[in-house]
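*Asks:* Got a structure for you, written out below as structure tokens; questions coming shortly.
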Amino acid sequence: MNKNLLKYILPLAISMVAAIPNVSVKAEDKAPSASGVKYVRLEKFTPMIQLTEVQVFVAGKNIAPTGKAEQSSTYQQATASLAIDGNTDGEMPNGSVSHTAPEDKQPWWELTLPSSTAIDQIVVWNRTDNCTERLENTKILLLDGDRKLVASAMIKDTEDIDTFHFKLANGELLAIAQPMTPDRPTGGQEMGQTGPLAGALSKQAPIKVANLKPGDASQALKVFILAGQSNMEGHGGLQTLDQLGNEPTTHGELLKKIKKSDGSYIVRDDVFVYYQRGDGKITKPLTVGMGGSSGEVGPELMFGIEVGDFYNQGISSGKKTPVLLIKTCWGGHDLWYDFRPPSAGKPPYTYTKRETEMGRSYRQMVKEVHECLDNLDVNFPQFKGMKYEIHGLVWFQGWNDMLFKKAVKDEYSSNFVHLVQDLRTEFKVPNMPAVVGELGVGGENVQGNKKMINFRAAQAKIATAQELAGAIGYVRTAPFWYPELSELPGKLPGAEGRVRSEAAARVAKEIKGKPESSDPRKMEQLVREATDKALNEDVEYLKIKTEHDKHISHWPCHYYGSARVYCMVGYSLGEAMKPLLTNKP
């Protein structure tokens, strides 16, 4: 068979045999080749391969930069060549991480060496700033010049690991993992950022305290700051929202507060949102579509409904007290560095990131709150001349702090206490209450995830912080994870892999001996066309996908994009805030 064709169908054939062990695979178990290695390939059957660097060593020298890197698809500008550029900075915004497209369900990355070579070691560097678990279940294939398998292995666990070392010896590919630390070398790259924070944070001057003028509680605009990372942005797809109505407890009734009987969504006349989202500033009454994108919801929806009802239940429209939610949140930002408040000081452990950018997200949060409140008459003309009070902080964050070493987790509670205290001082609200949402991804059944277990324990200490006694609420969100979120993500890739394998095999048989079999691009096109057609026709796959899409719209770290979960989180944060509001700031 033509070796170009093998580039596309060999991985599919391998996927249909026994799973490759995590630590080592004997080459002779996989039709070994006696020749050297020409191709180094990484592949998986779930979306997204992200690679900081792939190094291939011969006699102590990394020869990967001398080869050519390709990948099945590209996300934004994260090309395959970034994984052989010699830069081991694992932070995606800094521009040295390759990334396949999210919609690519069977991604691969491949390095073609100049010639077949007897290699000694391979080192795979994972992304470090976020979503490190995406490298899990990635297969590593070493192929010779005829694309025959030399040896292989699989990355199964990324827990506390950011580099994967493989040694090819005696017909085996042996893997040795290295631990992840916040102070990993960055290859000389400076800390960067994309989106609304780009270029501004490190240059930002100290924030001048505004002259706030709280008014009478019955007349003032009630202000809440909603802060955190991507789960506060909110990635609950609207297509999953109806599942809220199927929640078996009283939470199932919440859907009626969001969706009318005619299928349209509510628009509150007493709750408003200010959010400098990447696609433009939001200054509107609360409704759906105010999450991370216009097709998503976050905690703001049900939190706003609950506090709006708290102030205005049974009050006629003309006399309602207005509520303003100011969202200040950015995906991938941690508390130990990005949101680090001034009074927390420097971390008690080593790090290499720029000190001038430490606390950048804290400063941006303060800046955006000031911009909103100092320009109320511009942002919300209906509030012109109205006094306001900051009534609370809502915090939903933790994924990035969870990823790092124990020292980061150990200081999470104290860092949050400093955050609240500094905001109280900044905005002259000495008793401002705060509510915190637990990082509940994965639900209660996370016994094998020590990193998650340890982080939740550290996060829960916030509830007993004496400095916040009487003004702190802590909400467990793990119970909101429900069975379909654990079951369906595994079913769809399995069904899709079966359909794709069958389609690729049919193509291989049909074009065998024909001219197009020697044209790699044509073959890839034929395989993709065949698989896309098959996916639209396979009854079993379509049944699983229909059910899958009712519940799942995003990544695991975002509760799989379940609007049901985000609404339950928002509702519970609102319920936790209510008793704290009896003590006026």
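The values are calculated or read from the model by the stated rules, or taken from the named source; none is laboratory data. If you're wondering where the values come from, they're calculated on a predicted model, not measured in any experiment. Note that we place each Cβ from the backbone using ideal geometry, even for glycine, and neighbour counts take in every protein chain shown.
*Asks:* All but one of (1) within 23 Å of residue 433 (Cβ to Cβ); (2) under 26 Å from the mean Cα position of the chain (by Cα); (3) not small (Gly, Ala, Ser) hold for residue 408; state the number of the condition that does not hold.
*Replies:* Of (1) within 23 Å of residue 433 (Cβ to Cβ); (2) under 26 Å from the mean Cα position of the chain (by Cα); (3) not small (Gly, Ala, Ser), only one is false for residue 408: (1).
*Asks:* Let me ask something additional. Considering only the range 236-270, how many residues are part of a helix (DSSP H, G or I), within 28 Å of the chain's Cα centre (by Cα) and of a type in the set (Ser, Thr, Tyr)?
*Replies:* Residues meeting the conditions: 1.
*Asks:* Go over the candidates 487, 438 one by one and state the one that is within 24 Å of residue 48 (Cα to Cα), modelled with pLDDT of 90 or more and under 24 Å from the mean Cα position of the chain (by Cα). So that I can check it myself, show each step before the final result.
*Replies:* Working: 438 fails: within 24 Å of residue 48 (Cα to Cα).
Among 487, 438, only 487 is within 24 Å of residue 48 (Cα to Cα), modelled with pLDDT of 90 or more and under 24 Å from the mean Cα position of the chain (by Cα).
*Asks:* Tell me which residues, restricted to the range 323-347, are small (Gly, Ala, Ser) and either part of a loop (DSSP other than H, G, I, E, B) or within 17 Å of the chain's Cα centre (by Cα) (or both). Break it down stepwise before answering.
*Replies:* Pass one, the range 323-347, residues small (Gly, Ala, Ser): 331-332, 343-345.
Residues satisfying the conditions are 331, 332, 345.
*Asks:* I've got another one for you. For residue 289, are the conditions met, namely being in contact with a Phe, Trp or Tyr (Cβ under 9 Å, 6 or more places away or on another chain), surrounded by 14 or more Cβ atoms within 10 Å (Cβ to Cβ) and of a type in the set (Gly, Ala, Ser)? Talk me through it step by step, then tell me what you get.
*Replies:* Numbers: in contact with a Phe, Trp or Tyr (Cβ under 9 Å, 6 or more places away or on another chain): yes; surrounded by 14 or more Cβ atoms within 10 Å (Cβ to Cβ): yes; of a type in the set (Gly, Ala, Ser): yes.
Considered against the rule, which asks whether it is in contact with a Phe, Trp or Tyr (Cβ under 9 Å, 6 or more places away or on another chain), surrounded by 14 or more Cβ atoms within 10 Å (Cβ to Cβ) and of a type in the set (Gly, Ala, Ser), residue 289 comes out as yes.
*Asks:* Here's another thing I want to ask about it. Looking at the range 395-410, which of its residues are under 11 Å from residue 455 (Cα atoms) and surrounded by 20 or more Cβ atoms within 10 Å (Cβ to Cβ)?
*Replies:* Answer for the range 395-410, where residues must be under 11 Å from residue 455 (Cα atoms) and surrounded by 20 or more Cβ atoms within 10 Å (Cβ to Cβ): 398, 399, 400, 401, 402, 403, 404, 408, 409.
*Asks:* Moving on to the next point. Here is a check on your reading of the model: is residue 291 of a type outside the set (D, E, K, R), under 20 Å from residue 398 (Cβ atoms), assigned by TED's automatic domain parsing to the domain that holds residue 397 and part of a loop (DSSP other than H, G, I, E, B)? Show your work before the answer.
*Replies:* Details: of a type outside the set (D, E, K, R): yes; under 20 Å from residue 398 (Cβ atoms): yes; assigned by TED's automatic domain parsing to the domain that holds residue 397: yes; part of a loop (DSSP other than H, G, I, E, B): yes.
Taking the combined requirement at face value, the residue satisfies it.
*Asks:* Sticking with this one: Among the residues of the range 451-491, write down those that are free of Cβ contacts under 8 Å to residues at least 60 places away in the same chain, surrounded by 18 or more Cβ atoms within 10 Å (Cβ to Cβ) and more than 30 Å from residue 581 (Cα to Cα).
*Replies:* If the condition is that a residue be free of Cβ contacts under 8 Å to residues at least 60 places away in the same chain, surrounded by 18 or more Cβ atoms within 10 Å (Cβ to Cβ) and more than 30 Å from residue 581 (Cα to Cα), then 452 is the only one that fits.
*Asks:* Can you name the number of the only condition in (1) in the same structural domain as residue 311 (by TED's automatic domain parsing); (2) in contact with a helix residue (DSSP H, G or I) (Cβ under 8 Å, 6 or more places away or on another chain) that residue 535 fails?
*Replies:* (1)
*Asks:* While we're here: Give just the number: which of (1) surrounded by 17 or more Cβ atoms within 10 Å (Cβ to Cβ); (2) assigned to a loop (DSSP other than H, G, I, E, B) does residue 386 not satisfy?
*Replies:* All conditions pass for residue 386, except number (1).
*Asks:* Next up: Can you say whether residue 192 is farther than 28 Å from residue 39 by Cα, outside the structural domain of residue 97 (by TED's automatic domain parsing), modelled with pLDDT under 70 and part of a loop (DSSP other than H, G, I, E, B), as far as the supplied structure shows? If you could, list the steps in order and put the result at the bottom.
*Replies:* Details: farther than 28 Å from residue 39 by Cα: yes; outside the structural domain of residue 97 (by TED's automatic domain parsing): yes; modelled with pLDDT under 70: yes; part of a loop (DSSP other than H, G, I, E, B): yes.
Yes: the conditions hold for residue 192.
*Asks:* Using the structure shown, decide if residue 489 is out of contact with any helix residue (DSSP H, G or I) (no Cβ under 9 Å at 6 or more places or on another chain) and within 30 Å of residue 441 (Cβ to Cβ).
*Replies:* So residue 489 does not fit the description; no.
*Asks:* Please go through the range 492-504 and give me each residue that is surrounded by fewer than 18 Cβ atoms within 10 Å (Cβ to Cβ) and at pLDDT 90 or above, ordered by number.
*Replies:* Answer for the range 492-504, where residues must be surrounded by fewer than 18 Cβ atoms within 10 Å (Cβ to Cβ) and at pLDDT 90 or above: 498, 502.
*Asks:* Take the residues of the range 127-154 that are over 23 Å from the mean Cα position of the chain (by Cα) and basic (Lys, Arg): which is surrounded by the fewest Cβ atoms within 10 Å (Cβ to Cβ)?
*Replies:* Among them, the one singled out is 148.
*Asks:* A follow-up question, please. Could you tell me whether the range 389-396 includes any residue that is assigned to a helix (DSSP H, G or I), aromatic (Phe, Trp, Tyr) and modelled with pLDDT of 95 or more? Explain how you work it out, then say what you get.
*Replies:* Step one: filter the range 389-396 for residues assigned to a helix (DSSP H, G or I), giving none.
For the range 389-396, residues assigned to a helix (DSSP H, G or I), aromatic (Phe, Trp, Tyr) and modelled with pLDDT of 95 or more: absent.
*Asks:* Let me ask something additional. List, please: which pairs have Cβ atoms under 6 Å, are six or more places apart or on different chains, and start with a residue in the range 509-534 that is modelled with pLDDT of 85 or more and end with one that is not aliphatic (A, V, I, L, M)?
*Replies:* 511/517; 527/8; 531/500
*Asks:* Return the total of residues in the range 72-84 being at pLDDT below 95 and either in the same structural domain as residue 490 (by TED's automatic domain parsing) or not hydroxyl-bearing (Ser, Thr, Tyr) (or both).
*Replies:* Number of matching residues: 3.
*Asks:* Buried (at least 22 other Cβ atoms within 10 Å of the Cβ) and at pLDDT below 95 - does that describe any residue in the range 556-571? Can you show your working first?
*Replies:* Residues of the range 556-571 that are buried (at least 22 other Cβ atoms within 10 Å of the Cβ), as a first pass: 557-571.
Within this subset, residues satisfying the condition of being at pLDDT below 95 are 557.
So far as the range 556-571 goes, yes, one or more of its residues are buried (at least 22 other Cβ atoms within 10 Å of the Cβ) and at pLDDT below 95.
*Asks:* Can you find a residue in the range 454-467 that is at negative phi, basic (Lys, Arg), in the same structural domain as residue 565 (by TED's automatic domain parsing) and at pLDDT 95 or above? Working first, answer last.
*Replies:* First, the residues of the range 454-467 that are at negative phi: 454-467.
With basic (Lys, Arg) added as a condition, the list becomes 456, 461.
Subsequent filtering for residues that are in the same structural domain as residue 565 (by TED's automatic domain parsing) retains 456, 461.
If we keep only those that are at pLDDT 95 or above too, we end up with 456, 461.
Yes.
*Asks:* Could I ask something else about it? Within the range 307-320, is there a residue that is touching a residue at least 40 places away in the same chain (Cβ under 8 Å), buried (at least 22 other Cβ atoms within 10 Å of the Cβ) and either in a loop (DSSP other than H, G, I, E, B) or in contact with a Phe, Trp or Tyr (Cβ under 9 Å, 6 or more places away or on another chain) (or both)?
*Replies:* Within the range 307-320 (the criterion being touching a residue at least 40 places away in the same chain (Cβ under 8 Å), buried (at least 22 other Cβ atoms within 10 Å of the Cβ) and either in a loop (DSSP other than H, G, I, E, B) or in contact with a Phe, Trp or Tyr (Cβ under 9 Å, 6 or more places away or on another chain) (or both)), the answer is yes, since at least one residue qualifies.
*Asks:* In this structure, is residue 371 at negative phi, at pLDDT 95 or above and surrounded by fewer than 17 Cβ atoms within 10 Å (Cβ to Cβ)?
*Replies:* Working: at negative phi: yes; at pLDDT 95 or above: yes; surrounded by fewer than 17 Cβ atoms within 10 Å (Cβ to Cβ): yes.
Considered against the rule, which asks whether it is at negative phi, at pLDDT 95 or above and surrounded by fewer than 17 Cβ atoms within 10 Å (Cβ to Cβ), residue 371 comes out as yes.
*Asks:* A further question on this structure: Considering only the range 550-585, state which residues are among the aliphatic types (A, V, I, L, M) and in contact with a Gly (Cβ under 9 Å, 6 or more places away or on another chain). Even if it seems obvious, please write down each step before you answer.
*Replies:* Step one: of the range 550-585, the residues among the aliphatic types (A, V, I, L, M) are 552, 563, 565, 568-569, 573, 576-577, 580-581.
552, 563, 565, 569, 573, 576, 577, 580, 581 - these are the residues of the range 550-585 that are among the aliphatic types (A, V, I, L, M) and in contact with a Gly (Cβ under 9 Å, 6 or more places away or on another chain).
*Asks:* From 351, 362, grab the single residue that is of a type in the set (Phe, Trp, Tyr), within 15 Å of residue 229 (Cβ to Cβ) and outside the structural domain of residue 128 (by TED's automatic domain parsing). Can you show your working first?
*Replies:* Working: 351 fails: within 15 Å of residue 229 (Cβ to Cβ).
Criteria check complete, one pass: 362.
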